[in-house]
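The values are calculated or read from the model by the stated rules, or taken from the named source; none is laboratory data. Computed from a predicted model, the values in this text were never measured in an experiment. Virtual Cβ from ideal backbone geometry, glycine too; neighbours counted across all protein chains shown.
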Amino acid sequence: MFGILKGLATTFSTFTRQPVTIEYPDEKRDLPERQRSFPVLTWDFDHDEPFCTGCNICVRNCPVDCMTAVMQDNPKHPEGTSDRRKIVDKFWIDYARCMRCNICVEVCPFEAIVMDNNWSGHEHSVFDRRDLHKDIEDLLASSKSGELSRPFRPLDSINLNEAVAAGEETPEATFVAAMPKAREEQIQRIEQGLGAAIQEREPEVQTTTSASSESSAAEDDFAGLSERKLRARRMKAEREAKALLEKNEEVSQELLYVLGRTESTLYKEITGEDAPTTPVSSSTTAVEPSPASSNSDAGDPNSPRKIRARRMRAERTAREHIEKSEEVPTELMAILRDTESSMYAELGGTESPQVAENKTSNADNSTENSEGNANSPRKLRARRMRAEKEARELLAQGEPIPEELVERIKSLDGTVPSAESST
Ligand code: SF4
Ligand code: SF4
């Protein structure tokens, strides 16, 4: 009997006590301070734009590669309404892959991404995983709407927890620009007709009057370039011009213009004129063709420029043959001779009268100069390679290497090939 009464008492007390469950989703519990759902981007209410610059630091640090960010030039920067030169253009996070590790928030240098601390941050159930790919609008929505009451960031959270543990007053978050309060202030500014953004700087004065002409832009570019940048442009233009010359092609007027404006010595080599000291106006960007310039010798296969290009090409090919221990073909030797290449004599050719004349008349060509020195390292090397090749060929034909050839190779510090090495 007593047992029955005891059971009824338990039943009755359970029946009358307050429920421990709540009617989710109609009713929701307060979320703890340290909880975090998914990362979201924050909106800068002072400047009416995202904090994110699209710098990709978070993207590179995300352990599961679920983020993508695209940067663009900030159109507000030249207007003077923002200090951000760059701004995010596109941003995606795949919430289906995100593991909510918080790393992106920790590494962001601009406090542009935080962990959502709202119920809405948790409620992302969808029927298709692809709907969990969040774009920039989705990611900014909670911050822009003011829903993001206390963005979760590691430092804020640590300070908060330490204060709570010590029984102190909860500190204000250091990052307030994305807080609902900032949004309210901005709404008030808009209502007063003050505009959304803060004017922080004077608008930039546009130095380019018209962007319609490419040459005009190029001219302005030169006017504002630092020494380092001028040098970089000169080196680039010289590289391009040399490549064209080696291919025996015309150096374009635009390239000549850059060479002239950057005071490249190549300009004089090509045109035969000094580089212009004053800027060429946009309407006369093209350099006036000089007698020695590309246009004037366009039809002349023996112009100095074309001869030089032929000589350089032939020397390059001859060097390739020598490196492979091959004989330099007769046609190549003829080109070297005709283009007055110093390599012609080195390779055993008889100097053309022109070359000989040049050498005697040129005071700089001393006997110490490798061009006139029959025992220069380059020539010795060429002789050694020729001798070694000759010996290898004899061995390949099953013939002995003559004593004289062996002596020659040894005197040139070469290696006499043996039957074993040649196989
Ligand atoms: S929370 Fe972690 S996994 Fe998710 S986006 Fe950020 S870095 Fe990637
Ligand atoms: S969220 Fe931060 S780290 Fe990521 S791209 Fe934007 S500014 Fe860079």
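Below are the figures for this structure:
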read-out: Only one of 12, 45, 51, 38 that is of a type in the set (A, V, I, L, M, F, W, C) and over 30 Å from residue 164 (Cα atoms); value: 12
read-out: Which listed residue, of 288, 263, is at pLDDT 80 or above and part of a loop (DSSP other than H, G, I, E, B); value: 263
read-out: Any chance residue 193 is modelled with pLDDT of 80 or more and more than 16 Å from ligand 2 (Cβ to nearest atom); value: no
read-out: Enumeration of residues in segment 85-101 that are within 13 Å of ligand 2 (Cβ to nearest atom) and under 17 Å from residue 36 (Cα atoms); value: 93
read-out: Sole exception among (1) out of contact with any Ser or Thr (no Cβ under 8 Å at 6 or more places or on another chain); (2) of a type outside the set (Ser, Thr, Tyr); (3) away from ligand 1 (no atom under 16 Å from the Cβ) for residue 33, by number; value: (1)
read-out: Scan of segment 63-111 for residues that are within 12 Å of ligand 1 (Cβ to nearest atom) and of a type in the set (A, V, I, L, M), ordered by number; value: 64, 67, 69, 93, 96, 99, 103, 105, 107
read-out: Close pairs from segment 95-118: first in the same structural domain as residue 136 (by TED's automatic domain parsing) and more than 18 Å from residue 142 (Cβ to Cβ), partner within 11 Å of ligand 1 (Cβ to nearest atom) and not acidic (Asp, Glu), Cβ under 6 Å, at least 6 apart; value: 97/64; 97/66; 99/64; 103/61; 107/57; 107/58; 107/61
read-out: Which numbered condition residue 219 fails, given (1) in a helix (DSSP H, G or I); (2) surrounded by 16 or more Cβ atoms within 10 Å (Cβ to Cβ); (3) at pLDDT 80 or above; value: (3)
read-out: Segment 241-261 residues that are at positive phi, paired with ones that are buried (at least 16 other Cβ atoms within 10 Å of the Cβ) (beta carbon under 9 Å, 6 or more apart); value: 248/305; 248/306; 248/309; 248/310; 248/313
read-out: Residues of segment 243-260 classified as over 22 Å from residue 229 (Cα atoms) and assigned to a helix (DSSP H, G or I), total; value: 3
read-out: Candidates 116, 135 - the one that is within 21 Å of residue 87 (Cβ to Cβ), modelled with pLDDT of 80 or more and within 16 Å of ligand 1 (Cβ to nearest atom); value: 135
read-out: Test result for residue 51, within 14 Å of residue 108 (Cβ to Cβ) and more than 11 Å from ligand 1 (Cβ to nearest atom); value: yes
read-out: So residue 408, is it closer than 24 Å to residue 346 by Cβ and touching a Lys or Arg at 6+ places or on another chain (Cβ under 9 Å); value: yes
read-out: Long-range neighbours under 8 Å by Cβ, at least six apart or interchain, first residue in the same structural domain as residue 115 (by TED's automatic domain parsing) within segment 140-156, second of a type in the set (Ser, Thr, Tyr) and surrounded by fewer than 18 Cβ atoms within 10 Å (Cβ to Cβ); value: 142/120; 147/120; 155/174; 156/174
read-out: So residue 138, is it closer than 23 Å to residue 48 by Cα and touching a Gly at 6+ places or on another chain (Cβ under 7 Å); value: no
